[in-house]
Amino acid sequence: MITFKQVSKQYEDGTKAVANANFTIDKGEFFVLIGPSGCGKTTTLKMINRLILPTAGEIFINDVNTSKVNIDQLRWNIGYVLQQIALFPHMTVAANIAIVPELKGWDRDKTNARVDELLSLVGLDPEIYRHRLPTDLSGGQQQRVGVARALAADPDILLMDEPFSALDPVVRASLQKDIKALQQNIKKTIVFVTHDMEEAKFLGDRIGMMEDGHVLQIGTVQELIENPASPSVTRFLRHSDGVEQTSMPTVGSILTPIEDSEYVTSGEHQSKNELQFVLSNDNQLKDVQYLGKSIEHYQTINDSDTLEQTYHQLEQCPFPALPVIKGDKCIGVVSYQNLAKLAIQPALHHA
Ligand SMILES: Nc1ncnc2c1ncn2[C@@H]1O[C@H](COP(=O)(O)OP(=O)(O)OP(=O)(O)O)[C@@H](O)[C@H]1O
Ligand SMILES: [Mg+2]
């Protein structure tokens with residue numbers, strides 16, 4: 001349990017980065033801090049492990065005032081994952097992960113076993129990756145090593161500062177899914193900073209929304225939607241931070257148009273696929289059939305949904321494709337193939 005009591009941070013040049021923060025993060029909770037650039041998220045996060053000292057107020061971890069705790073002890077029990085993953089380039093993956101266990105004086109066998117366990121936990125085969133150098137890993141793999149390193153000494157708390165923001169949408173969605181599953185298994189308290197409302201909604205048990213150094217509101221997505229404390233909250237919920245959203249590729253930009261899709265049955269065009277989206281003459285989705293049988297409650301996806309949402313929807317859908325809807329019309333179909341094309345042609349979605 002992490003408690004902020006009237007915590008403020010004013011930097012030496014006078015910048016007020018955090019003003020009177022009062023909140024509690026529960027044990028085992030996935031807590032997401034969100035807000036626009038410069039609102040004080042990183043400052044808030046770094047005050048938890050005393051990388052930054054508050055200028056007023058106190059932070060308690062399990063009712064112990066962190067200012068009274070030995071700084072090494074404190075940091076060893078708090079894993080930290082940065083946006084710009086800072087693996088040591090001249091050290092192997094295993095050596096990078098072993099840093100804190102070695103500082104803590106674990107013997108070599110225990111450390112090696114822990115390294116392999118962690119690599120498996122984050123989805124990297126120890127046989128293959130243990131001896132690699134960071135430069136021989138993809139961005140997503142480096143992030144996984146960063147997560148493994150943060151977990152190495154089995155900390156109770158994991159701080160993650162925009163850990164996935166440099167990754168492409170497909171890798172990012174897959175890491176989001178993994179970290180969420182990981183948290184459910186290992187029951188760590190995670191404090192996760194992001195700009196991205198979709199990421200916050202997907203990951204957070206609760207979301208803390210910040211603006212201008214103030215924590216505007218804390219709650220579940222549902223609570224924020226139903227009872228926004230201010231118009232800013234509503235605006236964030238709708239637009240993420242308004243900056244990324246405009247450049248964020250949507251499913252509408254990668255779909256297969258209905259005339260080219262093997263899944264669509266309309267007018268003259270009969271699909272031979274076992275999965276069929278049956279459209280009316282004016283392209284309304286009339287029926288979805290699998291092996292000739294209508295499916296009730298079939299999922300659809302909105303053309304303005306992001307690629308991350310698309311990925312998550314496809315994951316939850318038992319079928320390989322989803323009809324994309326704009327207004328009341330079906331405008332195309334999206335499947336993993338569309339996402340895969342994007343992954344091998346990353347320039348496409350920047351075009
Ligand atoms: N060392 C520093 N000295 C002075 N001002 C600072 C310092 N570090 C951060 N700030 C300022 O404090 C405010 C909060 O910064 P912080 O890094 O916490 O924001 P953030 O919400 O993490 O932003 P971003 O999303 O861009 O990472 C900003 O106005 C920033 O310029
Ligand atoms: Mg930051």
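The values are calculated or read from the model by the stated rules, or taken from the named source; none is laboratory data. Here the structure is a predicted model, which means the values were calculated and not measured. Cβ: placed from backbone, ideal geometry, glycine included. Neighbour counts: every protein chain shown. Quick note on the areas: whole protein, heavy atoms, side chains included, nothing else; ligands and nucleic acids left out. Shrake-Rupley method; radii C 1.70, N 1.55, O 1.52, S 1.80 Å.
Odds and ends about this structure:
- The set of residues in the range 160-173 that are in contact with a His (Cβ under 9 Å, 6 or more places away or on another chain) and open to solvent by less than 10 Å² (accessible area, probe 1.4 Å) contains only A173.
- Test: residue in the range 19-31 that is part of a helix (DSSP H, G or I), assigned by the TED database to the domain that holds V215, within 16 Å of ligand 1 (Cβ to nearest atom) and closer than 20 Å to E199 by Cβ: no
- Residue among A17, A56, A21 that is open to solvent by 20 Å² or more (accessible area, probe 1.4 Å), touching a strand residue (DSSP E or B) at 6+ places or on another chain (Cβ under 6 Å) and of a type in the set (A, V, I, L, M): A56
- Number of positions in the range 90-102 that are under 24 Å from T42 (Cβ atoms) and out of contact with any Leu (no Cβ under 7 Å at 6 or more places or on another chain): 2
- Verdict on Q143 being open to solvent by less than 10 Å² (accessible area, probe 1.4 Å), more than 16 Å from ligand 1 (Cβ to nearest atom) and not in a loop (DSSP other than H, G, I, E, B): yes
- Subset of the range 193-206 [closer than 19 Å to K27 by Cβ, open to solvent by less than 50 Å² (accessible area, probe 1.4 Å) and more than 8 Å from the chain's Cα centre (by Cα)]: G204
- The single residue among S232, S271 that is among the hydroxyl-bearing types (S, T, Y), more than 16 Å from ligand 2 (Cβ to nearest atom), open to solvent by less than 30 Å² (accessible area, probe 1.4 Å) and farther than 20 Å from S335 by Cβ turns out to be S232.
- Helices (runs of 4 or more DSSP H) fully within the range 64-136 counting 3 or more residues that are open to solvent by 60 Å² or more (accessible area, probe 1.4 Å) and in contact with a helix residue (DSSP H, G or I) (Cβ under 9 Å, 6 or more places away or on another chain): 71-76, 108-121
- For the residues Q184, Q176, the requirement of being more than 16 Å from ligand 2 (Cβ to nearest atom) and open to solvent by less than 20 Å² (accessible area, probe 1.4 Å) singles out Q176.
- Unmet criterion (only one of (1) closer than 14 Å to V147 by Cβ; (2) touching a Lys or Arg at 6+ places or on another chain (Cβ under 6 Å)) for V193: (1)
- Note on the range 32-60: residues that are within 13 Å of ligand 2 (Cβ to nearest atom) and in a strand (DSSP E or B) amount to 2.
Results for (1) more than 27 Å from L167 (Cα to Cα); (2) free of Cβ contacts under 8 Å to residues at least 60 places away in the same chain; (3) buried (at least 20 other Cβ atoms within 10 Å of the Cβ); (4) of a type outside the set (G, A, S), shown as yes or no for each residue.
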residue	(1), (2), (3), (4)
T256	no, no, no, yes
Y263	yes, no, yes, yes
N281	yes, yes, no, yes
D287	yes, yes, no, yes
L291	yes, yes, no, yes
T300	no, yes, no, yes
L314	no, yes, yes, yes
V324	no, no, yes, yes
G327	yes, yes, no, no
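- Residues that are in contact with a Ser or Thr (Cβ under 6 Å, 6 or more places away or on another chain) and either assigned to a loop (DSSP other than H, G, I, E, B) or of a type in the set (A, V, I, L, M) (or both) within the range 265-300 comprise S271, V278, L279, listed in sequence order.
- Some residue of the range 281-291 being modelled with pLDDT of 85 or more, touching a helix residue (DSSP H, G or I) at 6+ places or on another chain (Cβ under 7 Å) and not charged (D, E, K, R): yes
- Which listed residue, of G79, G35, is in contact (Cβ under 8 Å) with a residue 60 or more places away in the chain, within 16 Å of ligand 1 (Cβ to nearest atom) and of a type in the set (G, A, S): G35
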